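Notes follow once the structure below has been shown.
Rule-based calculations on the coordinates, nothing more; no lab input. What you see is a predicted model, and the numbers here were worked out from it, not measured in a lab. Methodologically, a virtual Cβ is constructed for each residue, glycine included, from the backbone with ideal geometry; neighbour enumeration extends over all protein chains shown.
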Amino acid sequence: LFFTGGFGWRLQAVPDAIGGLQHLEELRLASNVLVSLPDSIGLLSNLKVLDVSSNKLRSLPDSISRCGSLVELDASCNVLAYLPTGIGYELVNLQKLWVHLNKLRSLPSSICEMRSLRLLDVHFNELRGLPSSFGKLVALESLNLSSNFSDMRDLPASFGDLVGLRELDLSNNQIHALPDCFGRLDRLERLCLDQNPLVVPPLEVVAKGVGAVREYMDKRLQAEEERRKSAVAAGSPKASSPIAWLSRSVSSLSTWVSDVAGPEKAVEEDKFLEQEL
């Protein structure tokens, strides 16, 4: 079913009756002036393709999560500030999600449950990071996180679990360092890191291409694992004991207290903490 804007005629609203088309498999509403979608869209249990790109949507209805047959969802070029909190719990068959050119500041953690997702495009938003469990998207092959500019600074430690990733665009962000686990992305073929203040890996490594980047990060990962093994072999298990951990915590807290409360207050706090310890 097509309601694509053109020839000076644009759809301003979708009638609630759309929910009665329960055998509908494709709904294309691109290039209209829609500001919302009806909740009844959640009744389209057989819908496989939904294109609502290039509208004026401020949000997607929570009921969209009930469109469990969706394979493709294009909500790009709108003014979305957020996605429905539970969108990933029921859209388990979704393979392609386009939400670029919106105003998203975060992605809901439920998106990590989209185990069939192969393509995710969220470029040109205001993302400040990714959910910590992002690495659960093991089927993901193409990921575009570019042009989130000053907001995107870090990648989660789970990023290295995206073992199916083949294409990755991180350009035009503020990423200073890739996580060491990046070296586990063995299938990565295309990588764009332009316009980032990268220190790890160094720019001379980046210039050599994706293979050099993977190799560099893999060596860092192996070196870190060797350091851990050496620490254990040298008797550092003591460093992992509850008392040692508490001592480090006390030290860190004392430093924080010193910064906030000034030298005299810090001395008092230090004595108290030592007594308690």
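Sorted into 10 angstrom bins from 0, the C-alpha pair distances of segment 16-233 split as 8, 32, 31, 18, 8, 3, 0 percent. Computed about the Cα centre, the dipole magnitude for segment 16-233 is approximately 300 debye when only Lys and Arg (+1) and Asp and Glu (-1) carry charge, each at its Cβ. Working note: Karplus 6.51/-1.76/1.60 with θ = phi - 60° gives segment 61-73 the couplings x, 4, 5, 4, 5, 7, 7, x, 8, 4, 10, 10, 9 Hz, where Gly and Pro are set to x. Of TRP9, TRP98, the sequence from fewest to most neighbouring Cβ atoms within 10 angstrom is TRP9, TRP98. Legend: distances between Cα atoms for LYS56/LYS208; LYS48/LYS208; LYS103/LYS208; LYS136/LYS219; LYS103/LYS219; LYS48/LYS103; pairs beyond 32 Å are LYS56/LYS208; LYS48/LYS208; LYS103/LYS208; LYS103/LYS219.
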